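Worksheet: one structure, shown below.
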């Protein structure tokens, strides 16, 4: 706005300087064409009247230009006020957007991104710890199960070998019994 005022003043001065030499030259021409009488200059009424009209036109143009410049300055002030209001509204909107951007709606609650991040990391690390504990328990139970299966297999093999030994012993005892019974029959038959 200050730049506009400076521009207006400079423009007014330049425009005035353009018309000013014409007025000065008209005045100079009026003085040089006038006749002299006892240290006085006698100026023709028509010439002075023409100069007066030129001067009035110059003053009217300058006043009109000043009026236009004042009107333009007033319009610029109004637009400046409107722009300042818009800037203020934009700043407020920007602040609201920054606040919304800095927060997250989680379960219908506005939470700052930092708190949300901390909460998510705590939940993630908690879930990871629980998964680690469950994995450890699974590994331990799996080791116990594997050991129990190995012991069971060994016991089954031992039982199977014991059963074979028992069957073999039983078969050998039956043979012996059968042979003894045969011998007894032979003795009975012989006697």
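The values are calculated or read from the model by the stated rules, or taken from the named source; none is laboratory data. Keep in mind it's a predicted model, so treat the numbers as computed, not measured. So basically every Cβ, Gly included, is an ideal-geometry build from the backbone, and we count neighbours across all protein chains shown.
Numerical summary
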{"quantity": "Residue 88 being at pLDDT 95 or above and surrounded by 10 or more Cβ atoms within 10 Å (Cβ to Cβ)", "calculated": "yes"}
{"quantity": "Test: residue in the range 105-114 that is part of a helix (DSSP H, G or I), surrounded by 10 or more Cβ atoms within 10 Å (Cβ to Cβ) and out of contact with any strand residue (DSSP E or B) (no Cβ under 7 Å at 6 or more places or on another chain)", "calculated": "yes"}
